[in-house]
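Worksheet for the structure shown next.
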Amino acid sequence: MTSPKKLFYIMFMVVGLTAVAGACILVFIMYVTDKFELIFVPMILIAVGIVCLILASVARYKYKKTEFDANVKQQMNYAPRPYSVDPFFTIDPFADAFTDKMPGESVGAQSEKTEKFCINCGAPRQSGDKFCPFCGKKYE
C-alpha cells in the first residue's frame, strides 16, 4: 500500500506539470493567432502550477522524512552484543619490561601509580571501589 504522503506528492506533481504545460501551450496558441484577450488564463495556470509544484516538494519532504525516521527507529531498536573483554588480551605479558620507574623512586610509589588502573581491562580505577565498574573483576 502506498503512503498518503507519496500519493499527494504524485498528485501535486501531475497537476503542477500539467498546469505549466497547458499555460505554455495557450501562450503559444495566443502568439500564433495574435489574440491576447485571455492572457490572464495562462498566468493563472502558471500560478496554479507553481503552487502545486511547491506543495509536491513539501509532500515529498514529509514522505522522505517519514521513511528516514522509520529507518532510524529500526536501527535504534537493533541491540548489538554487549561489550565483552577479550580474555586473550586482558593481561600484558610485557608490562614489567617497560616500567617508568625513576632511579630515586621507591617500589611503593611505583605500585601506587600502577594501581590507578584495572589490571584486567585497563579502565581508570575509582578510589574506594573494590570491583572494576567496566569488567566487574575484583581489584587485587
Pop the C-beta distance of residue 24 and residue 58 into the FRET formula with R0 = 25 Å and round what comes out to the nearest 0.05. 0.55
Protection proxy ranking of 28-34, 129-135 - average other beta-carbon atoms within 10 Å, highest first: 129-135, 28-34
Subtract the Cα-Cα distance of residue 123 and residue 38 from 0.36 nm times their separation in residues, and report this length gain in nm to one decimal. 22.5 nm
Pairwise label distance in nanometres, residue 75 with residue 134, each label 7 Å out on the Cα-Cβ vector: 2.6 nm
Residue 2 to residue 14: extension gain in nm, 0.36 nm per residue of separation minus the Cα-Cα distance? 2.7 nm
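Rule-based calculations on the coordinates, nothing more; no lab input. Because the structure is predicted, anything quoted here is derived from the model rather than measured. Cβ atoms come from the backbone with ideal geometry, glycine included; neighbour counts cover every protein chain shown.
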